[in-house]
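For reference, the structure is listed below as structure tokens.
The values are calculated or read from the model by the stated rules, or taken from the named source; none is laboratory data. Keep in mind that what you see is a predicted model, and the values were worked out from it rather than measured. Ideal geometry is used to build each Cβ from the backbone, glycine not excepted, and the neighbour counts take in all protein chains shown.
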Amino acid sequence: MASTLTPSHSLAALLEQHQHELSHAWAALIQQRTGGLEALMPQQSMLEIAQQGLAALIDALATGSLQILDDYISDVCMWRLRPGYDSGEVVEALLLAKTAALPVLMSATGPSAEDAEAAIARFDSHIHWAIGRFTTHHAEAAAYDLRQQQQRTALILDATQTAASSLQLDEVLARIANKIAEAIGVYDCGIYLLEDEGQRLEPRFPTIGANPSRLKTFLRMPIDLPSNQLIQSAIQLQQPVVSADAQHDARIDKGLAQALGVASVLVLPIAASERTLGVAIAATSGERRAFSDDEVTLAWGIATSGALAVENARLYEKTQRQLAESRSLQRVTAALLAKNSLSEVLDVVCAEACRLTGAAASAILLREDEMWLQVAHSQGCAAAHERIQIGGSITGEVLRQGAPQFLNQPIRELGLAIPGAPVTSLLVAPLRLRDDAIGALDVLNKPGGFSADDMRLLGRVADQAAIAIQNTRLQQQVEQLAIVAERQRLARDLHDSVAQALYSLALYTEAASGALADGEHAVVQEHLAEVGTIAREALGEMRLLIFNLRSPKLDTEGLVAALQGRLDAVEARTALRADLLAEGEDTLPPAVRHELYSIVQEALNNILKHARASHVAVRLRFGPTTRLEISDDGAGFSPVEKANSGLGLRGMRERAARLGGSIDIESAPGQGTCIRVEVHP
């Protein structure tokens, strides 16, 4: 299209003379005929637009150059009317310029119709040239808009696919942040997720990883929403919000803006299913800039499209975390059950507490009384004193409230110290048994500080640890009681066997001495023979008692070898025939072996002393349920009548009960005895 036309100085002068009148007439016609154009021009009135257009037309007629008129058409098309205008209304508005000019042209050119027609034709040619240029600009603008929309759609689609290609939350957040930063040409874009019931935003991923100091600042500065109205309004309105001067914007926490060094910010809510998950904050550092509407729309499109991927990743992360926690707690439980001593249990608890929370050190404090806690065990830290006073201490306050607490700040007067490092964060969970706190579990110095998830997890570990500690204490008490019971049993056996034999020896010796004095040598010989018999029986009883105290094979070779050795010893010194039948592999814990061995000992002692049996059989089957059976063909007895007798039945029942098992005794006079024991090790 030509860039020049033949000038018409007289027509230009005529239009310039009536410029004010024509501008008003043209503007009035546009408002009457088109209706919607003025609403699309918020920056200037229709009259101003008409005045500028007429001025450009006059310049073209005066100079023959169409540049100013072309600039006017381009300006109107590309900036003043976008977006949403109707191109037909613009063409009609340009044609209305001719309608507004006709009365002036007809009255001002004189009586010659030819002069009027020539002026109108020249004016008309310029108007049609303007319409042609508008049509070209409009087509170019439409094509540009289409390309931009396609690019935005492609970028948003790519961002969505990229974000959704992973279920790892940090990867998803990193991809969204990088795509937003790339799309609008900024270096910094941080993702924050809502925590603490929507009152705080936790920093999760920034695109400033190349700067370690800024990265550290970002990660240690959560955003408190009540103190940052700009971000809070973006979340409440579910709309992007821009601050061109973040350093001086009263809606932004100045400390946060200064620490992060941001100049201008664009806050984009990340929401899925009408639920806000967090925000993406794109920012410039150094120079301020205004974000265009296209940039805001594009960035928000990426944030919105990535929201579903964020929600899916958070659900996946939560599920994986809960699964990992369950597995970890199972390991803790298994480790605690496998430990027998209190020191071993405490060591497991401290190690697992550090591993599960990522803390550098841990300690267990057990209550001595109402005033003092004793540092029972620690890992990675040392106690400043053996005891810590409950009143006035952080740990004591946790015991008083009965709920875990954490502090992510330097802490003094804790009573615990980490060699070469200050205590910068602390998480304390009470060791509770129902409503009673027996102590506390402390973990110290987690990089980045402790979270609500850490507090919840350590609380579960502490609950298990409290049960394990109490069970270990009870087990130690049971073991002490078992030792006392074993001593009492040994005293009874000594009294019933060896002591009675020694008493008999004393009587026969005195009788032999009296017979010797009376010269009754035959009686002396008889008494001395009886003394020898009793002494040999006493020696056998003593050996049996010593053997019963502890089988040397029990710990080294297992339960089967120990029982076989016991039965072999019985056969060697008595006429009793003994058989042992064992099935399966012995994987019993030492404590279970000892108790089952003692039950067999007690049963054999009863058989030797009271049953007058000729055969005894011991059957042992190992497995998830271990079964032990001792049967004999002896005299038998009535279990009801002998329930509280000295036959050791109560001791066998107590041993089975300590193992959490069961015992069944079948017997009747003249029908032998069968004892069955079942345990679940």
Problem set entry | Count - residues of the range 434-481 that are of a type in the set (A, V, I, L, M), part of a helix (DSSP H, G or I) and crowded, with 19+ Cβ neighbours inside 10 Å | 8
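Of the residues 267, 262, only one is buried (at least 19 other Cβ atoms within 10 Å of the Cβ) and assigned to a loop (DSSP other than H, G, I, E, B); which?
Only one candidate passes the filter, namely 262.
What is the residue count in the range 270-308 for residues that are assigned to a strand (DSSP E or B) and not basic (Lys, Arg)?
Of the residues in that region, 12 qualify.
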Exercise. Is there a residue in the range 647-660 that is of a type in the set (A, V, I, L, M), under 19 Å from residue 578 (Cα atoms) and at pLDDT 85 or above?
Worked result: no
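Restricting attention to the range 572-583, and to residues there that are of a type in the set (A, V, I, L, M, F, W, C) and part of a strand (DSSP E or B), which single residue is surrounded by the most Cβ atoms within 10 Å (Cβ to Cβ)?
Here the answer is 578.
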Problem set entry | Unique residue being basic (Lys, Arg), under 49 Å from the mean Cα position of the chain (by Cα) and in the same structural domain as residue 573 (by TED's automatic domain parsing) when the list is 619, 593 | 593
Seminar exercise, completed: Expected single match for closer than 19 Å to residue 206 by Cβ, within 19 Å of the chain's Cα centre (by Cα) and buried (at least 17 other Cβ atoms within 10 Å of the Cβ) among 303, 313 is 313
Problem set entry | Hits in the range 371-382 (condition: modelled with pLDDT under 85 and surrounded by fewer than 18 Cβ atoms within 10 Å (Cβ to Cβ)) | 382
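To keep it simple, each residue is scored yes or no on (1) in a strand (DSSP E or B); (2) surrounded by 14 or more Cβ atoms within 10 Å (Cβ to Cβ); (3) touching a helix residue (DSSP H, G or I) at 6+ places or on another chain (Cβ under 6 Å).
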residue	(1), (2), (3)
617	yes, yes, no
630	yes, yes, yes
638	no, no, no
653	no, yes, no
657	no, no, no
663	yes, yes, yes
666	yes, no, no
670	no, no, no
674	yes, yes, no
For this session: State whether one or more residues within the range 584-594 are in contact with a strand residue (DSSP E or B) (Cβ under 9 Å, 6 or more places away or on another chain) and in a helix (DSSP H, G or I).
Result: yes
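Looking at residue 453, is it in contact (Cβ under 8 Å) with a residue 12 or more places away in the chain and under 17 Å from residue 351 (Cα atoms)?
no
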Exercise. Out of all the residues in the range 595-617, which are touching a Ser or Thr at 6+ places or on another chain (Cβ under 9 Å) and small (Gly, Ala, Ser)?
Worked result: 603, 611, 613, 617
Problem set entry | Single residue of 250, 210 found to be aliphatic (A, V, I, L, M), surrounded by fewer than 21 Cβ atoms within 10 Å (Cβ to Cβ), in the same structural domain as residue 179 (by TED's automatic domain parsing) and at pLDDT 85 or above | 250
Exercise. Checking residue 274 against (1) in contact with a Cys (Cβ under 8 Å, 6 or more places away or on another chain); (2) on the phi > 0 side of the Ramachandran plot, which test does it fail?
Worked result: (1)
Seminar exercise, completed: Of those in the range 303-333 that are small (Gly, Ala, Ser) and in contact (Cβ under 8 Å) with a residue 24 or more places away in the chain, the residue farthest from residue 172 (Cα to Cα) is 328
Seminar exercise, completed: Exactly one of 390, 411 is of a type in the set (A, V, I, L, M, F, W, C), at pLDDT below 85 and touching a Lys or Arg at 6+ places or on another chain (Cβ under 9 Å), and that residue is 390
Exercise. Taking the range 60-70 as the search range and keeping residues that are buried (at least 19 other Cβ atoms within 10 Å of the Cβ), part of a helix (DSSP H, G or I) and not small (Gly, Ala, Ser), which one is nearest to the chain's Cα centre (by Cα)?
Worked result: 70
For this session: Please give the number of the condition residue 62 fails out of (1) more than 18 Å from residue 27 (Cα to Cα); (2) at pLDDT below 80.
Result: (2)
Exercise. From the list 279, 349, which one is under 16 Å from residue 189 (Cβ atoms) and surrounded by 13 or more Cβ atoms within 10 Å (Cβ to Cβ)?
Worked result: 279
For this session: With the condition kept exactly as written, say whether any residue in the range 599-607 is in a loop (DSSP other than H, G, I, E, B), of a type outside the set (Phe, Trp, Tyr) and crowded, with 20+ Cβ neighbours inside 10 Å.
Result: no
